[in-house]
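Asker: One structure coming up, written as structure tokens, with questions to follow.
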Amino acid sequence: MANETAAETAPEPLAFELSIQADDEDIAHWMAQHLELQRYKNLSDLDDQEMAKLLRDADVQARDLLATLGYFNPQLRWKLGTAPSAAYRRSVDLDVTAGPTARITQVQIQWQGDMAQRPETTRQREQVIADWGLPKGQDFSQVQWQQAKSKALQQVQAERYPQARIVHSQARVDAPSNQVQLSLTIDSGPLVKIGPLVITGAERYSTEQVERLAHLTPGDIYQQNELLLAQQRLVVSGFYDAVFVSLDTEGPVDAMPVKVELKEALRQKWVLGLGIRSDSGPRLTAEYTQHRVPGLDWRAVTKLSVDKNLQTWSLDMLAPPDANLWRWNGSSQLEHQQFEGYAVNSQRWRYGRTQHEERTDRSYYAQFDASNSSGSWSGQREAISGNYAWTWRRFDSLPFPTQGLGGSLELGAGMSLGAQREPFTRWLARGMLLQPLGRASGRLALRAEMGSVISRDTTGLPTTQLFVAGGDNSVRGYATSSIGVVQSNGAVAAGRYLATGSVEWQRPIRWNQQRTDWETAVFVDAGAVSDDLQQMKAQIGYGVGARWRSPIGPLRMDLAYGQAIQKLRLHLSVGFVF
């Protein structure tokens, strides 16, 4: 009875088991996923005639699947086994010899509509052809053909012609010779100029502010990137939780309205946070934002952060933008920082104008600095200065760039306010290059920073006008501000010359042939601070790390070894810093 019960409950064997062998494992895996034959293996009542029909249909589909990859002359060998098994009744073996891939021998792109007649679109047409994804001589595949057509259409729609469409496309295949001829015709439609802004959702903050931040001029020729920049400026302003900027394609082409849909942020906001700094342990932060200060209409952001070594209070005030996106701003910061052997109390007061754009930031301002140090390097130091700051960014995408270049320059001139007033000038330059190494090899990230203070005597300058190095975004393997001028008692003080650099290899992590949100990193950092150029000696740190595309920006986790101090240090930071 026990044996009969076991026989009754034993699972039914599969109708067949499909095994695919190919000269390329990716082809075998892909066909196993997409062959409809797999759907019938659970049937228990397939007879020989039905099985033969399924194999004929599978042969046709397999050839169609290979054709989408560019293989038009494959050799397929099917073998149906008859020996039964406990797991399946039949075995189906498929041996695939894909053969040569079809090559593209001709590409013809033609134009219709306004774009075909207008001389100033020559550059745009040439760019579409130059960026064409399937040039002559390349292997053909259906997926790449679709991607190339989509990209070409998007390039046309991105400038002047948002109503462009593909009116004809053909891939003419000569299977015996493994050759493909491509033809594509794009109708640009009419030239489009942007019209007035149609704003919805503006209740707490004025529509004039929306118009200035959007910075779109009615009558300008449509450019998709300008709408994206307008949306980004509105988002980063902090006044809006959600922004959607789009073209109303139902409007007239000579003044097509731009729809701006807003979800405004609350006028007041509190943010409390608890985190851990790799240098000083637990850290408590509190931030209060008032988007519209009564009677002033400026935005004010007050921050307080406290940990074991660093306590900071700051206030930043920002006026609404003018027609050219320039804003008045004022800020103040009070800070107490504990260093090795001494502590520094500092303050900074600043007032000026600033302009923030996607690729360029500019600021000019007057600044007052003061610092008071304890220990052997003690004394009150004060200075006033006039400053100009400029940042230039050409990265492919933010906040997760994969290639590009950026640079920044800060220039300042002022005077110390001690008993002996000394004039000084200060400059600080930074640069970053992200260089791709190939699809599977990742990229190199090169970073450099140099600066100096030019003065006959810097002893009267506040430490905030001098330089230190070390930390998450400087020289990893060393604590923040731990690289400087070593005093006779071993304390580290700020210096008048700075130089740092970094080389990092970032490589994406792939799983099942797909790119994940994680990357690995291997890096070497070096940096030096001194009061004498002849005594600049680099401190070196190196290590490994991981990167994660988090919802709030790149999360960096680095384990670095400081060669000079012979210690390991963990560094954690969030956001793309430049």
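Asker: Is the range 362-375 home to any residue that is basic (K, R), over 35 Å from the mean Cα position of the chain (by Cα) and either crowded, with 18+ Cβ neighbours inside 10 Å or part of a strand (DSSP E or B) (or both)?
Answerer: For the range 362-375, residues basic (K, R), over 35 Å from the mean Cα position of the chain (by Cα) and either crowded, with 18+ Cβ neighbours inside 10 Å or part of a strand (DSSP E or B) (or both): absent.
Asker: Which is at pLDDT 90 or above, open to solvent by less than 30 Å² (accessible area, probe 1.4 Å) and among the polar types (S, T, N, Q), of T121, T105?
Answerer: Selected residue: T121, the only one of T121, T105 that is at pLDDT 90 or above, open to solvent by less than 30 Å² (accessible area, probe 1.4 Å) and among the polar types (S, T, N, Q).
Asker: For the range 319-361, which positions are surrounded by fewer than 18 Cβ atoms within 10 Å (Cβ to Cβ), in contact with a strand residue (DSSP E or B) (Cβ under 7 Å, 6 or more places away or on another chain), among the charged types (D, E, K, R) and in contact (Cβ under 8 Å) with a residue 60 or more places away in the chain?
Answerer: If the condition is that a residue be surrounded by fewer than 18 Cβ atoms within 10 Å (Cβ to Cβ), in contact with a strand residue (DSSP E or B) (Cβ under 7 Å, 6 or more places away or on another chain), among the charged types (D, E, K, R) and in contact (Cβ under 8 Å) with a residue 60 or more places away in the chain, then E340 is the only one that fits.
Asker: All but one of (1) open to solvent by 40 Å² or more (accessible area, probe 1.4 Å); (2) assigned to a helix (DSSP H, G or I) hold for A28; state the number of the condition that does not hold.
Answerer: (1)
Asker: State the number of residues belonging to the range 191-210 that are within 27 Å of Q154 (Cα to Cα) and either hydrophobic (A, V, I, L, M, F, W, C) or open to solvent by 20 Å² or more (accessible area, probe 1.4 Å) (or both).
Answerer: Residues in the range 191-210 being within 27 Å of Q154 (Cα to Cα) and either hydrophobic (A, V, I, L, M, F, W, C) or open to solvent by 20 Å² or more (accessible area, probe 1.4 Å) (or both): 8 in total.
Asker: Another one. For the range 494-503, give me the residue count where each residue is crowded, with 22+ Cβ neighbours inside 10 Å and touching a residue at least 40 places away in the same chain (Cβ under 8 Å).
Answerer: The total comes to 3.
Asker: From the list A62, A58, A152, which one is at pLDDT 90 or above, out of contact with any Gly (no Cβ under 7 Å at 6 or more places or on another chain) and small (G, A, S)?
Answerer: A152
Asker: Return only the number of the condition from (1) part of a strand (DSSP E or B); (2) under 24 Å from A448 (Cβ atoms) that F400 does not satisfy.
Answerer: Single failed check for F400: (1).
Asker: Can you name the residue in the range 541-560 that is open to solvent by less than 70 Å² (accessible area, probe 1.4 Å) and in contact (Cβ under 8 Å) with a residue 60 or more places away in the chain and, of all such residues, is farthest from V475 (Cα to Cα)?
Answerer: The qualifying residue farthest from V475 (Cα to Cα) is G553.
Asker: Ok, one more. Considering each residue of the range 35-62, count those that are out of contact with any strand residue (DSSP E or B) (no Cβ under 7 Å at 6 or more places or on another chain) and within 17 Å of P74 (Cα to Cα), and give that number.
Answerer: 6
Asker: Right, something else. Any residue in the range 170-190 that's under 15 Å from Q138 (Cα atoms) and open to solvent by less than 50 Å² (accessible area, probe 1.4 Å): show its pairings with residues that are not in a strand (DSSP E or B) and not acidic (D, E) at Cβ separation under 6 Å, as long as the two are six or more apart or on different chains.
Answerer: Pairs that qualify, where the first residue is under 15 Å from Q138 (Cα atoms) and open to solvent by less than 50 Å² (accessible area, probe 1.4 Å) and the partner is not in a strand (DSSP E or B) and not acidic (D, E), are A171/W145; N178/P100; N178/A102; V180/A102; V180/F140.
Asker: Sort through I483, I509, I552 and tell me the only one that's hydrophobic (A, V, I, L, M, F, W, C), out of contact with any His (no Cβ under 7 Å at 6 or more places or on another chain) and over 30 Å from G438 (Cα atoms).
Answerer: I483
Asker: Loosely packed, with under 14 Cβ neighbours inside 10 Å and touching a residue at least 60 places away in the same chain (Cβ under 8 Å): does that describe T249?
Answerer: Criteria met by T249.
The values are calculated or read from the model by the stated rules, or taken from the named source; none is laboratory data. What you see is a predicted model; the values in this text were computed from it and never measured. Methodologically, a virtual Cβ is constructed for each residue, glycine included, from the backbone with ideal geometry; neighbour enumeration extends over all protein chains shown. Just the protein is used for accessible areas: all its heavy atoms, side chains included, with ligands, DNA and RNA removed. Shrake-Rupley method; radii C 1.70, N 1.55, O 1.52, S 1.80 Å.
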